[in-house]
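The structure appears right after this line, and notes come after that.
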Amino acid sequence: HTRIPVPRRDPTAPPGALIPGPGAEPTRVRILAYGPQGVTEREDLSPERVRELQKRFPVVWVSLAGAGDAEVFRRVGDLFGLHALALEDMMSAHQRPKAEDYDEHLLVVLRHPKTTTRLQLLQVGLAVGPGFVLTVEEGVSDTFEPIRQRIQSGRGAIRNRGADYLVHAIVDNTLDGFLPLVEHFRDQLELIEEHIFLRPDERAIVELHSIRHDLYALRRVLTSTRDAIAALARSGGTTVSDATRVYLRDGQDHAAQLLDSVDACREHSVSLAELYDSRLNQRMNDIMKLLTLISTVFIPLSFITGVYGMNFETSASPWNMPELRWRYGYPFALGLMVCAALGLVWFFHRKGWLGTNGDDQPKTRGSSSGATRSS
């Protein structure tokens, strides 16, 4: 099962303490500054270089991959005047998706899927302020590479917009990452449904339970993400412009649609669990019916065998088992057993207890031929 780990921090540490989590990757810095006049990319985080980029370009995007270097986070926080609690939330992985207003800047915490076949969620922290955007990822990935390509190629309106529009692009890109995952769960449920119809076994219900667990975790993440986007769209101040709020509300609708798809998958999984129980009961009923039919066929055979196994003395009475001295007594007994068995099988077939209803077929043929003659 996929679990969303619970944040762990030192209970003795003061609020805002920057303590790398266990297993945190070394921090890699990537700076992308852009505007209508062009774009440049750097890896130097010195204050002088960043100040120079802020003077030349309207938007400076600082991307940190890995949260293992607390000194880098302190430098970035001092550089952009970030609140200590905002830095702590971005550095501490496994936060729930949220949006918080710190007056001078906004904090947004999101989660994006790592793969399209399993529910592996990685945290993305964003801080947006006047002319800058800071993103923090748990590890090195190519999640935001499509956005960087759009900026470098100048496609779309992203280079003509402010830092808040970049936040919208990141939020939209994160939501798009959930689409293949939801489609994968939908395809898996269809395969499980087919498997249950053909051969309901334990493997199908184990896979179904795992998918239901992932869908439950995915719904919690998407619900928090939708609320975070809504809070970001309602945030006051001038950090987010009115033009960008329209795009954020569209992202909120996108998250709501993903939630509807996840809810549909959850309802499908519940119905498949009920279908599994129904198919299992039906299979058990078929087995019991077959065993009952076999037992019923052998009842008269056991009766005949018991009658001819009494061996009454024929010298005491001519009525005492006359077949014992008959030349064809043994074949007669075997033939009687075969006839009794075949007769019962024919009777079961006529009643439709063997899987096909023989009584309905003649009626259907007769009614169809009558309809043909009347036409």
(request) Can you tell me the order of 264-274, 164-174 when each peptide is scored by its average per-residue count of other Cβ atoms within 10 angstrom, highest first? (result) 164-174, 264-274
(request) Could you check how much of the accessible area of region 198-255 is carbon and sulfur, as a whole percent, using a 1.4 Å probe? (result) 49
(request) Provide the gained length on full extension for the span LEU301 to CYS339, in nm with one decimal, where the gain is 0.36 nm per separating residue minus the Cα-Cα distance. (result) 12.7 nm
(message) Probe of 1.4 angstrom, ligands and nucleic acids ignored: what's the accessible area per residue over region 161-316, in square angstrom?
(response) 54
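Taking R0 as 56 Å, what FRET efficiency do you get between ARG325 and VAL206 from their Cβ-Cβ distance, rounded to the nearest 0.05?
Numbers: r = 65 Å, r/R0 = 1.17.
Result of the calculation: an efficiency of 0.30.
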(message) For region 277-346, what does the convex hull of the Cα positions come to per residue, in cubic angstrom?
(response) 81
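From the helices alone, meaning DSSP H stretches of at least four residues, give me the mean residue ellipticity at 222 nm for the chain, per-run term -39500 (n - 2.57), in deg cm²/dmol to the nearest 500.
Details: 10 runs with 210 residues, N = 375.
Mean residue ellipticity at 222 nm (helix-derived): -19500 deg cm²/dmol.
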(request) Please give, to one decimal in nm, the separation of the simple spin-label points placed at ARG249 and ARG118, each 7 Å out from Cα toward the Cβ. (result) 4.1
(message) Here are a few candidate values for semi-axes √(5λ) of the Cα gyration tensor in Å: [x] 33, 27, 21; [y] 104, 22, 13; [z] 78, 25, 15. Which one was actually calculated from the structure I just gave you?
(response) [z]
(message) Within region 181-216, name every residue whose backbone N is under 19 Å away from a label modeled 7 Å from Cα of MET284 along the Cβ vector.
(response) 196-206
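Would you mind working out the accessible area per residue for region 41-150, using a 1.4 Å probe, and quoting it in Å²?
Result: 41 Å² of accessible area for each residue.
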(message) Can you compute the FRET efficiency between GLU194 and ALA217 using 1/(1 + (r/R0)^6), with r the Cβ-Cβ distance and R0 = 25 Å? Round to the nearest 0.05.
(response) 0.50
(message) What is the angle, in °, between the Cα long axis of helix 360-374 and the longest principal axis of the Cα atoms in the chain? Nearest 10 is fine, range 0 to 90.
(response) 90
(message) Can you find, among VAL136, GLY352, GLY154, the residue sitting farthest towards the positive end of the charge dipole of the chain, where Lys and Arg contribute +1 and Asp and Glu -1 at Cβ?
(response) GLY352
(request) List nothing, just return the count: lysine pairs in the chain, 8 or more apart or interchain, with Cα separation under 26 Å. (result) 4
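The values are calculated or read from the model by the stated rules, or taken from the named source; none is laboratory data. Fair warning: this is a prediction, and the values are worked out from it, not measured in the lab. Methodologically, a virtual Cβ is constructed for each residue, glycine included, from the backbone with ideal geometry; neighbour enumeration extends over all protein chains shown. Note: accessible area is taken over every heavy atom of the protein model, side chains too, but ligands, DNA and RNA are not part of it. Shrake-Rupley method; radii C 1.70, N 1.55, O 1.52, S 1.80 Å.
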